[in-house]
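Asks: I have a structure I would like to understand better, so I am pasting it below and will then ask my questions one at a time.
Every read-out reported here was derived from the displayed coordinates using simple, explicitly stated rules and does not represent laboratory data. All figures in this text were calculated on a predicted structure; none of them were measured in a lab. Here the Cβ positions follow ideal geometry from the backbone for every residue, glycine too, while neighbour counts run over all protein chains shown.
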Amino acid sequence: MGKLVSAGAVLVILGVLGFAIPYFTTHDTKDIAKVGDLKLQTTESTSHSVPPVAAGAAMLLGVLMLGAGLYRKA
């Protein structure tokens, strides 16, 4: 497969995931203090949202790249 087809497939998959999972949360654990064997940590949660327009644009661009890549092979 060519690079154009591969990049298009990745964009289509990311667009589908953007529609399927529009909201997700990431967790970041940080060390606050360390005294000997004692460690104090905190976990910070951050919510993210994927706009439907961005997911649709990724899918559309991916489909166009797939079509262009397959058209160039033929």
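Asks: May I ask you to work out the translational diffusion coefficient for segment 3-73 at 20 °C, viscosity 1.002 mPa s, via Stokes-Einstein with Rh from the Kirkwood sum over Cα pairs, reported in whole µm²/s?
Replies: Calculated translational D: 146 µm²/s.
Asks: Quick one: if you stick a label point 7 Å off each Cα along the C-beta vector at residue 28 and residue 54, how many nm between them?
Replies: Calculated label separation equals 1.6 nm.
Asks: Tell me, what ³J(HN,Hα) does each residue in segment 33-39 have, in order and in whole Hz, if you take phi through Karplus 6.51 cos²θ - 1.76 cosθ + 1.60 with θ = phi - 60° and put x for Gly and Pro?
Replies: 8, 9, 10, x, 8, 7, 10
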